[in-house]
Amino acid sequence: GLLRLQTDLGGFAIWRRTNETSPYHSIQATHALVEAKANGYAVPADRLQDALWYLANIEEFYPDYPQLRCGLSLPLSCPSQIQDTLSAYALHVRNLAGDRDAGKANELYRRAGDDLGLDAVAWLWPVLDDAGAHAAIERLFNNRVTETAGAATFATDYGEDAYLILHSDRRTDGIILDALIDEAPGSDLIPKVVAGLLGNQTRGRWNNVQENAFILLALNKYFDTFETVTPDFVARIWLGDLYAAEHVFEGRTTDRDETLVPMAELIEQADGGATDLVVSKDGPGRLYYRLGLRFAPDDLDLDPLDRGFVVQRSYEAIDDPGDVTRDADGTWRIKPGAEVRVRLTMVADSRRTHVALIDPLPAGLEALNPALAVTPPIPSEEFEDGPSPRFTYWWWQWYEHQNLRDDRAEAFASLLWAGTYEYTYVARATTPGTFVVPPTKAEEIYAPETFGRSGSDVVIVESN
C-alpha cells in the first residue's frame with residue numbers, strides 16, 4: 001500500500017500517487033521502508049534507492065511558491081526553520097539506511113545550529129563527524145532539559161509552523177531519547193526521559209500516531225541496548241552499618257520490592273552527622289531503584305514550598321464582602337453560616353503527569369458537594385465587567401476527576417501542560433472556632449518528589 005503512493009521522483013504523495021510529492025511524507029515513508037528492511041521485511045531495492053535519492057536531493061523539492069506543499073499544508077512559503085528540520089530528518093533516515101552524509105550534516109549544523117529545533121539537532125547528532133559538535137550537542141540537551149526527581153522532558157517551539165511537520169514535545173522526547181542512546185549511552189537523562197514518556201501515556205498510548213511511532217522506536221532501542229540481558233541478580237542496600245535490604249530478581253517481571261527504614265533508625269545511623277547509603281547489584285541485568293524520604297514537620301506554621309509546583313490558596317466571600325476578611329497577620333475571619341469560595345491556584349513550570357491537587361478543609365467549614373441531591377444550588381462565579389481575567393472553564397476543565405470529602409477537596413489530572421491552573425469549590429462555615437489549616441499540596445502521584453505546597457493558614461469562624 002505504501003509503495004503505491006511513490007511517485008516517479010522517488011518521493012511519496014498523499015492519498016493518490018498522482019498528487020504532488022510531499023517532502024515530509026516522503027521522508028517519513030522512506031523511514032518506514034528503512035525500518036521495515038532492518039526488521040527483516042522484503043523491501044524492493046530499486047524503490048528504496050529511488051526514495052533515498054529523493055532524500056539526498058530533498059532541498060530541490062521544497063516549494064518556493066504557495067501552490068506547492070511544504071511538509072503537509074499550503075502555507076504562503078516554506079519557512080527556513082522547517083526546511084532545515086526536514087533536511088535534518090532526511091539526513092537521519094539516510095544514515096539509518098547506511099548512506100551517511102557527514103559533510104552535508106556538518107554544513108547544516110554550522111549554518112543553522114542555534115536556530116535548529118531540538119528534534120532537528122537530535123536527528124543530526126549521529127550523522128556529524130565533528131567531535132566538538134558532538135560535545136556541544138550533549139551540552140545543549142543537558143542545558144535545555146526540564147528535569148524533576150523522576151523524569152526529564154524537552155520542549156522546542158516552531159510557532160505557528162509546527163503543524164507543517166506534525167511537531168509535538170512528546171515526539172521530540174522520543175527523538176532525543178533515540179539520539180542519546182546512540183551518542184551518549186551513559187547519560188543520566190536516558191532513564192529519566194523513559195520515565196517521562198511512560199508517565200505521559202493515556203490508556204497505554206500517546207496522543208497521536210506520530211508520537212506513538214517515534215516513541216516506540218526509541219523505547220525499542222532502549223530495550224535492545226539496556227534490557228537484552230534477562231535479569232538474574234541480587235540487590236542489596238546498606239545504610240551505614242545497617243544491612244537494610246536484600247532481594248533476588250529472576251526473569252523479566254514488573255514486581256517491586258519495598259523496604260521501609262524507620263526514621264529513628266535513620267537518625268541513629270546518622271548519629272548527628274552524615275552516613276553512607278550503598279546500593280549494590282550482584283549478577284546480570286539492570287536494576288531500577290527509588291530512594292524516598294517521608295517525614296512529618298514539627299511546626300504547624302509552614303511556608304510555601306516549590307519543588308515543581310507553585311500553589312496558592314485564598315478564601316472569598318460570595319454573598320456579602322464582609323463575610324470574609326483577612327487580618328494584617330494573614331489570619332482569615334469568616335462569619336458563621338457564610339458561604340465561602342475556596343480558590344486554589346497551581347502553577348506547573350513544565351508538563352506534569354498524574355497530578356493530584358489536595359486542599360485540607362478547616363474543621364469549621366463544610367464543602368458543598370453538587371453531586372449530592374441534598375445540596376442546594378452552588379453559587380456560580382460572576383464578574384461585573386464581562387469575562388474574568390482568569391481563564392474560565394465554561395467549556396473545558398483541567399482536571400478529570402474531583403472528590404469533595406468531609407476534610408478535604410481533591411482534583412486529579414493525568415496530564416498537565418506547563419501553565420497556571422485554578423480550581424474552586426464552595427464551602428459553608430458551620431462551626432465557630434480557631435483552626436490551623438495545613439497547606440494545599442500538589443504532587444505527581446507516582447513521583448511525589450515533584451510537589452509544591454501553599455503556606456499554612458489560620459481560619460477563625462466567628463461566633464454570633
Peptide ranges 143-151, 286-294, 305-313 listed from the most packed, as the mean C-beta count within 10 angstrom indicates: 305-313, 143-151, 286-294
Tyr41 paired with Ala162, simple spin-label distance in nm, labels 7 Å along Cα-to-beta-carbon: 2.9
Farthest toward positive dipole pole in the chain [+1 Lys/Arg, -1 Asp/Glu at C-beta], among Val342, Asn19, Val279: Asn19
Average accessible area per residue (Å²) across the chain - probe 1.4 Å, nucleic acids and ligands excluded: 54
The range 405-464-the range 231-254 distance, computed between alpha-carbon centres (Å): 38
Partner lysines for Lys221 [C-alpha distance under 17 Å; skip if fewer than 8 residues away on the same chain]: Lys37, Lys192
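Sorted by mean Cβ packing within 10 Å, highest first, what order do the peptides 13-22, 421-430, 153-162, 271-280 take?
The packing order, highest mean first, is 421-430, 153-162, 13-22, 271-280.
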Surface share of carbon and sulfur [accessible, 1.4 angstrom probe, percent] for the range 209-255: 56
Residue-wise HN-Hα coupling along the range 122-135, computed from phi with Karplus coefficients 6.51, -1.76, 1.60 (Hz; x: Gly, Pro): 5, 5, 6, 3, x, 8, 5, 10, 9, 4, x, 5, 4, 5
Inter-probe distance in nm under a simple model that places probes 7 Å from Cα toward Cβ, at Tyr243 and Asp276: 1.7
Dipole of the chain, positive direction: furthest Cα of Val458, Leu180, Val34, with charges on the beta-carbon: Val34
Distant-in-sequence amide H partners of Gly308 (H built 1.01 Å from N, under 5 Å): Phe451
Dipole in debye (nearest 20) - the range 281-341, about Cα centre, beta carbon charges: Lys, Arg +1; Asp, Glu -1: 660
Karplus 3J(HN,Hα) series, Hz, for the range 340-353 with 6.51 cos²θ - 1.76 cosθ + 1.60 (x for Gly, Pro): 10, 9, 8, 10, 10, 10, 10, 10, 10, 7, 7, 5, 10, 10
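Can you tell me the order of 359-369, 258-268 when each peptide is scored by its average per-residue count of other Cβ atoms within 10 angstrom, highest first?
Per-residue mean Cβ counts within 10 Å order the peptides as 359-369, 258-268.
The values are calculated or read from the model by the stated rules, or taken from the named source; none is laboratory data. This structure is a prediction, so every number in the text was calculated from the model and none was measured. Using ideal geometry, Cβ is built from the backbone for each residue, glycine included, and neighbour counts are taken over all protein chains shown. Note: accessible area is taken over every heavy atom of the protein model, side chains too, but ligands, DNA and RNA are not part of it. Shrake-Rupley method; radii C 1.70, N 1.55, O 1.52, S 1.80 Å.
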